[in-house]
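Notes follow the structure.
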Amino acid sequence: MTTTSGVHEATDPTTIPTDAQKGRRTITPRTVLRYVLLVLLGLIFVSPLIFMIVTSFKTRGEAAGFPPTWIPDPFSTDAYTSILNARGTPVLRWFTNSLIAALANSALVVTTAAMAAYALARMEFRGRGLIFGLIIGTLFVPPVILVIPNYLIVGELRWLNTLAAVIVPTAASAFGVFFLRQFFLAIPEELEEAARLDGASPLQIFVKLVLPLSRPALATLALLALLTNWNDFLWPVYVLFSPEMQTLPAGLSTLQSANAVRYDLLMAGAVIASVPVLILFVFLQRFIIEGVSRSGLKG
Amino acid sequence: MSTTRVAAPGDTVDAVKKDQRAPRRGVAKHGKVTPWLFLAPYLVLFGAFVILPVLLGFWISLHRWDYTLPNKPFVGFRNYEQLFDSSSRQFEAFWQSMQATGIFTAASVPLLMVLPLLVALVMNQKFPGRNLFRAVYFAPYVLGVAVVAVLWRYLLDANIGLVNYYLGLLGLPDRTAWTTSLPAAWVALVGVTVWWTLGYNSVIYLAALQDIPKELYEAARVDGANKWQQFWNVTMPGLRPVLAFILMITILASANMFGQSYLITQGGPGRETRTAIYQIAETGLRNYQMGSAAAMSYVLTAFLMVLSVAVFWLFRERKTR
């Protein structure tokens, strides 16, 4: 998949070189064509993001002007100062809310899923198959069916319009249990047996041996949970109704209804909502993409 | 393969399959309650916010359940009957939203099956810069639907948007009202969704492509198969499980489309792009007709289950092939 994928492609003199391998040695029209296509496609994916950032540094007039410009003239941070201080759209508060919710939800997902997955991977008890089956079964339950009843349950708990509503109900991750269980099963049992003979309790084995060995898997799950929660839209829109309680995605919706064509403000809000995840993506891309490609292997 | 590393790129499907063997039986390693203590935190959340809601939702759907009223009279299957009674108030709005979801799903699923596969086939070759391009194509997916939708509503603005501007430069029609007219609104919603999620499906395809043993291609080449024949006789059969998986998750995701419509077209023009999820959320959580909304969500789920069964049937293992 990345640079380490050389297992099958190792240069074996007996194999016929593929077109790609030939192409690395000489520049053929085919190689040129490929790169032209790749770059064009890349522009389609990247240029909207660049334009979003560019527009957030334009003045109100330039953002609403025509034709669109790619370099702000003059360079202006008005959009940011104006939304950061606005009363009806407290963007800084949304940012804090999103951060708290995403971190708390991610921690809850990883902790509960890791504990449950360990029991399901390594312990023997009646009903294990049933519980695992039930958890996996819910992977196929469309989330729409949970929306109305969960609203009532959250209301019953007095959590409506509080961050608990966006932290707790989505924390039971069936994917997390499935993903970590697979990983735990791959750890050689001999390690745990040795620890057990040394008198370690199941909790000690789990915390001191299994979790440290599973760091990459835990990081992948934590990241995916973080991204999912940071970006969640429908649920926060309906359960967080007062402006100061909203998360960034719900807030963007509020910002849009308050400033329908103030694209400078909207783009500044969108940049604030994207920068943290884009930074995470740039530095931890490997974990995120690996987590996603892993999710396909269960099919 | 070292077992202490996971999530390492380049892991093959064999490595994962090996992981699936059952744990070995050993001597008593833990007390009787220990497993339940480990499971307890998860099961509390799972019970309260997954299992209970599935049951409670059905219970709600059997009542005239208005969140703001004290009485929630039992009405049997009346909520469901109304959804199928063309003279009822809910009928028109519900089926229009189901139709919107159907149009969106039918238009986006084929694109999200084919385009990511093409991208993955290109990315499956070795060339310098491959990881950079993969990251670039995947990048929009890490942004949430809210950012994507707010951004594209600007780009799609009929008067000052980038899309119409560049269409004009190319000499194409440049006055399209992408968010307020049909069928342009559907083109916009599908296009934005493809832009947003193409990378996700590509990454899954790519992982599957890399799991197809190279020996199979060599054997096919020795037998004189050309590239096209190799694609149909080696690549496609090798991708079958993942095709079923991607088809499944893409149908489910498309059928759950909400944010794009909510923020880009506001369900318009009229209610033409108001999807089923949108309708369910508005009925239940804005108008507080939760009984009716719960019934709608069960009807939608029934549709999705029939589709899932159809997908599994379509991709089942066939003996003769």
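Points to keep in mind about this one:
- Output for the stretch A:63-82, where each listed residue is in contact with a Ser or Thr (Cβ under 6 Å, 6 or more places away or on another chain) and within 13 Å of chain B (Cβ to nearest Cβ): A:Ala63, A:Ala79
- Hey, A:Arg262 touching a residue at least 60 places away in the same chain (Cβ under 8 Å) and either in contact with an Asp or Glu (Cβ under 7 Å, 6 or more places away or on another chain) or not hydrophobic (A, V, I, L, M, F, W, C) (or both) or not: yes
- The stretch A:178-222, residues that are under 30 Å from B:Val142 (Cβ atoms), out of contact with any Ser or Thr (no Cβ under 8 Å at 6 or more places or on another chain) and not hydroxyl-bearing (Ser, Thr, Tyr): A:Phe178, A:Arg181, A:Gln182, A:Leu185, A:Val210, A:Leu211, A:Pro212, A:Arg215, A:Pro216, A:Ala217, A:Leu218, A:Ala219
- Helices (runs of 4 or more DSSP H) wholly inside the stretch B:49-161 that include at least 2 residues being modelled with pLDDT of 90 or more and over 30 Å from A:Glu290 (Cβ atoms): B:52-61, B:78-83, B:89-123, B:145-155
- A single member of A:Arg87, A:Arg34, A:Arg60 is of a type outside the set (A, V, I, L, M), over 22 Å from B:Asp157 (Cβ atoms) and within 13 Å of another protein chain (Cβ to nearest Cβ), and it is A:Arg34.
- Residues of the stretch B:281-312 classified as out of contact with any Gly (no Cβ under 6 Å at 6 or more places or on another chain), without any contact (Cβ under 8 Å) to a residue 24 or more places away in the chain and of a type outside the set (D, E, K, R), total: 10
- Sole exception among (1) without any contact (Cβ under 8 Å) to a residue 24 or more places away in the chain; (2) away from every other protein chain (no Cβ under 13 Å); (3) surrounded by fewer than 17 Cβ atoms within 10 Å (Cβ to Cβ); (4) at negative phi for B:Gly76, by number: (4)
- Pair list, Cβ < 7 Å and 6+ apart or interchain, from the stretch A:168-180 residues that are in a helix (DSSP H, G or I) to residues that are of a type in the set (D, E, K, R): A:Phe178/A:Lys298; A:Phe179/A:Arg294
- Selected residue (criterion: nearest to the other protein chains (Cβ to nearest Cβ)) from residues of the stretch B:288-321 that are farther than 22 Å from A:Phe140 by Cα and touching an Asp or Glu at 6+ places or on another chain (Cβ under 9 Å): B:Met290
- Checking each residue in the stretch B:255-273 for being more than 8 Å from every other protein chain (Cβ to nearest Cβ) and surrounded by 23 or more Cβ atoms within 10 Å (Cβ to Cβ) picks out B:Met257, B:Gln260, B:Ser261, B:Ile264, B:Thr265, B:Thr273.
- The one condition from (1) buried (at least 19 other Cβ atoms within 10 Å of the Cβ); (2) among the hydrophobic types (A, V, I, L, M, F, W, C); (3) outside any helix (DSSP H, G or I) that B:Leu172 does not meet is (1).
The values are calculated or read from the model by the stated rules, or taken from the named source; none is laboratory data. This one's a predicted model, so the numbers in the text were calculated from it and none came from an experiment. Glycine gets a Cβ as well: all are built from the backbone with ideal geometry, and neighbour counts include every protein chain shown.
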